[in-house]
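A.B. asks: Before I ask anything, here is the structure I am working with.
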Amino acid sequence: MKNKSDEELVKLIVQNHRPALEELYDRYINLIYSFSLKMTKGDTEKTKEIVQLVFLRLWTTKRTYSASQGKFANWILTITRNIAIDLIRKEHKHKGTVQLDHDEWEKIQGQQSENVLQEVSSNLLKQQIQEAKHQLSEPQKRLINLLYWEGYSLSEIAKLEEKPLGTIKSRLNQTLKKLRNYFSEETGGVRHGK
Amino acid sequence: MENKCENLSLYIIDQLSEHEKEQFKRHLKTCAHCQNELESLQDTWQTLSYDMEEVDAPESLKMEVMDFIFKEDEKESPHNPIKLFLTKHFSPLSAGITAILIIGFAGLLWYNLHLKDTITALEEQMASPAQIVRTFNLKGQDIASSANGTAYLLQEGHDNSLIIELNNMPGIKDDEVYQVWLLNNGNRQNAGTIKPDQNGNGLITYRMPKDQSFDDIGITLEPNPNNTQPKGRKVMGTT
């Protein structure tokens, strides 16, 4: 198990091979746990629930991950985030405008494996993100926080910010580009186009 | 087209409706600008996930997660693979409908086969008309010396029957019957009883069992019906 690739482990899991699931757990639990803990703002009970659902989905899914879909860590974190958001959104009071549409499998297709993130440690990465965030304006920081970590939809954020939806959309565009440009300057790695 | 490009970031953060998503995917195929931007912006969005304090998960969590999955798993899957297959593929309603259809189909099949047999039998009968293969003359004796009759051995397909017609039979008392015997090498086989009408006429049809043969016909006057061997006097016989 130890010398199998993530991709091989996922294939074994599809064939109901329990040791493969346990090996993936050992490899990624700290990442998934830390991520979920942040999503739940430190709630260890909810974090446990999310982790259980992530591995249950891994176990029951019949769709395989392949390395061409991008880094496995990103793949599993996308799943984790969607599960966490589903959970968080159930607790949001204003359900009326909520649009639950998380098709993580589809979304992560087309991601490239040549990802610069593979070469930098997560600590370094974290530092870079912190620095990149310093470049953002307060509304941009708020947007990222509400959108990425709190699971609000753009229209909900528009209401919270009392701004037209169009403004929030263009704010998102600007924010993503600003971050992208900062990352690419720092690492010379996140590329523009092909 | 410019309008569609605006949806790029919404596509990346997965906040398009299904319909919008399909539209955007079509747009993406033809828009070089979006193709160029997609990958790097997607990477950027993903990078945000590393904005967290990395901590160690508690040791006890692994067992809780595995228990959750495998107990859940056992609960959900019946041990019998056939049952699993059936429950997977048939709701109770569709199972009920299927059962009714199967029963109905079996019934129709049985009816159809039965009908086929009947038709075959009828066809055989039609193909082979009844024909008289042998005729016997019967002559009365003793108290019935004035009586006479004719017996016809009739063949219909594979079946043989014997038709006996009697005339001028003397009248008989309440319990008495005329009984027909088929004689084969000295053995007598009961072939039915007759009570003649007021004019002394009688008719009997006897369906011959397969493989039964006989040489002569005898008729006795029996004091009571259903005797297996003659008890009364012989009153008629083949000439």
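The values are calculated or read from the model by the stated rules, or taken from the named source; none is laboratory data. Source: prediction; values computed, not measured. Glycine gets a Cβ as well: all are built from the backbone with ideal geometry, and neighbour counts include every protein chain shown. Quick note on the areas: whole protein, heavy atoms, side chains included, nothing else; ligands and nucleic acids left out. Shrake-Rupley method; radii C 1.70, N 1.55, O 1.52, S 1.80 Å.
A.B. asks: Could you list all residues from the stretch A:12-46 that are assigned to a loop (DSSP other than H, G, I, E, B) and small (Gly, Ala, Ser)?
C.D. replies: A:Gly42
A.B. asks: Does A:Asn123 meet the test of being open to solvent by 10 Å² or more (accessible area, probe 1.4 Å), more than 20 Å from A:Lys46 (Cβ to Cβ), within 8 Å of chain B (Cβ to nearest Cβ) and at pLDDT below 90? Show your work before the answer.
C.D. replies: Values: open to solvent by 10 Å² or more (accessible area, probe 1.4 Å): yes; more than 20 Å from A:Lys46 (Cβ to Cβ): yes; within 8 Å of chain B (Cβ to nearest Cβ): yes; at pLDDT below 90: yes.
Yes: the conditions hold for A:Asn123.
A.B. asks: Sticking with this structure for a sec: Wholly within the stretch B:1-108, which helices (runs of 4 or more DSSP H) include no fewer than the required count, namely at least 3 residues that are within 30 Å of A:Thr167 (Cα to Cα) and modelled with pLDDT under 90? Let's see the steps before the verdict.
C.D. replies: Numbers: elements: B:2-5, B:8-12, B:18-30, B:32-47, B:61-76, B:81-89.
Qualifying helices (runs of 4 or more DSSP H): B:2-5, B:32-47.
A.B. asks: To continue, here is another question. May I ask you to list the residues in the stretch A:169-194 that are open to solvent by 70 Å² or more (accessible area, probe 1.4 Å), farther than 17 Å from B:Tyr11 by Cα and modelled with pLDDT of 70 or more? Talk me through it step by step, then tell me what you get.
C.D. replies: Taking the stretch A:169-194 and keeping what is open to solvent by 70 Å² or more (accessible area, probe 1.4 Å), we get A:174, A:177-178, A:185-186, A:191-192, A:194.
After this cut, where a residue has to be farther than 17 Å from B:Tyr11 by Cα as well, the list is A:178, A:185-186, A:191-192, A:194.
Matches in the stretch A:169-194: A:Lys178, A:Glu185.
A.B. asks: So, one more: Can you confirm whether the stretch B:3-18 contains a residue that is open to solvent by 10 Å² or more (accessible area, probe 1.4 Å) and among the small types (Gly, Ala, Ser)?
C.D. replies: There is at least one residue in the stretch B:3-18 that is open to solvent by 10 Å² or more (accessible area, probe 1.4 Å) and among the small types (Gly, Ala, Ser).
A.B. asks: Which of the residues belonging to the stretch B:199-211 are surrounded by fewer than 14 Cβ atoms within 10 Å (Cβ to Cβ) and part of a loop (DSSP other than H, G, I, E, B)?
C.D. replies: Taking the stretch B:199-211 and keeping what is surrounded by fewer than 14 Cβ atoms within 10 Å (Cβ to Cβ), we get B:199, B:203, B:205, B:207, B:209-211.
Within the stretch B:199-211, B:Asn199, B:Pro209, B:Lys210, B:Asp211 meet the criteria.
A.B. asks: A:Trp149 fails exactly one of the following numbered conditions: (1) open to solvent by less than 30 Å² (accessible area, probe 1.4 Å); (2) more than 10 Å from chain B (Cβ to nearest Cβ); (3) in contact (Cβ under 8 Å) with a residue 24 or more places away in the chain. What is the number of that condition?
C.D. replies: Looking at each condition in turn, A:Trp149 falls short on (2).
A.B. asks: Only residues in the stretch B:24-41 that are open to solvent by 60 Å² or more (accessible area, probe 1.4 Å) count as the first member; pair them with residues that are of a type outside the set (D, E, K, R) and at pLDDT 90 or above, Cβ under 8 angstrom, at least 6 apart or cross-chain, and list the lot.
C.D. replies: Close Cβ pairs (under 8 Å, with a partner that is of a type outside the set (D, E, K, R) and at pLDDT 90 or above) amount to B:Gln35/B:Leu28.
A.B. asks: A follow-up question, please. Looking for whichever is open to solvent by 70 Å² or more (accessible area, probe 1.4 Å), farther than 30 Å from B:Ile204 by Cβ and of a type in the set (Val, Ile, Thr) here; the options are B:Ile132, B:Ile143, B:Ile100. Which one fits? Can you show your working first?
C.D. replies: Details: B:Ile132 fails: farther than 30 Å from B:Ile204 by Cβ; B:Ile143 fails: farther than 30 Å from B:Ile204 by Cβ.
Sole residue among the options that is open to solvent by 70 Å² or more (accessible area, probe 1.4 Å), farther than 30 Å from B:Ile204 by Cβ and of a type in the set (Val, Ile, Thr): B:Ile100.
A.B. asks: Looking at (1) farther than 14 Å from A:Thr80 by Cα; (2) more than 9 Å from every other protein chain (Cβ to nearest Cβ); (3) open to solvent by 20 Å² or more (accessible area, probe 1.4 Å), which one does A:Ala20 not meet, given that it meets all the others?
C.D. replies: Going through the list (1) farther than 14 Å from A:Thr80 by Cα; (2) more than 9 Å from every other protein chain (Cβ to nearest Cβ); (3) open to solvent by 20 Å² or more (accessible area, probe 1.4 Å), A:Ala20 breaks only (3).
A.B. asks: Does the stretch A:41-52 contain any residue that is more than 9 Å from every other protein chain (Cβ to nearest Cβ) and small (Gly, Ala, Ser)?
C.D. replies: Yes; the residues of the stretch A:41-52 include at least one that is more than 9 Å from every other protein chain (Cβ to nearest Cβ) and small (Gly, Ala, Ser).
A.B. asks: Filter the stretch B:184-228 for residues that are within 17 Å of B:Ile172 (Cα to Cα) and among the charged types (D, E, K, R) and give the result.
C.D. replies: Scanning the stretch B:184-228 gives B:Lys195, B:Asp197, B:Glu222.
A.B. asks: Also: Among the residues of the stretch A:125-155, which ones are out of contact with any helix residue (DSSP H, G or I) (no Cβ under 8 Å at 6 or more places or on another chain) and of a type in the set (Asp, Glu)?
C.D. replies: A:Glu138
A.B. asks: Regarding A:Ile76, is this residue in contact with a Gly (Cβ under 7 Å, 6 or more places away or on another chain) and either under 24 Å from A:Tyr152 (Cβ atoms) or more than 8 Å from chain B (Cβ to nearest Cβ) (or both)? Step through it out loud before you land on a result.
C.D. replies: On the way: in contact with a Gly (Cβ under 7 Å, 6 or more places away or on another chain): no; either under 24 Å from A:Tyr152 (Cβ atoms) or more than 8 Å from chain B (Cβ to nearest Cβ) (or both): yes.
No; evaluated as a whole, the condition is false for this residue.
A.B. asks: Out of all the residues in the stretch B:215-233, is one or more without any contact (Cβ under 8 Å) to a residue 24 or more places away in the chain, on the phi > 0 side of the Ramachandran plot and under 41 Å from the mean Cα position of the chain (by Cα)?
C.D. replies: The answer is no, given that none of the residues of the stretch B:215-233 is without any contact (Cβ under 8 Å) to a residue 24 or more places away in the chain, on the phi > 0 side of the Ramachandran plot and under 41 Å from the mean Cα position of the chain (by Cα).
A.B. asks: Within the stretch B:173-198, work out how many residues are of a type in the set (Gly, Ala, Ser) and buried (at least 20 other Cβ atoms within 10 Å of the Cβ).
C.D. replies: We begin by selecting, within the stretch B:173-198, every residue of a type in the set (Gly, Ala, Ser); these are B:186, B:191-192.
Next, only the ones that are buried (at least 20 other Cβ atoms within 10 Å of the Cβ) stay: B:191.
So the answer is 1.
A.B. asks: Which number in (1) within 9 Å of chain B (Cβ to nearest Cβ); (2) touching a helix residue (DSSP H, G or I) at 6+ places or on another chain (Cβ under 8 Å) marks the one condition that A:Ser36 misses?
C.D. replies: Condition not satisfied by A:Ser36: (1).
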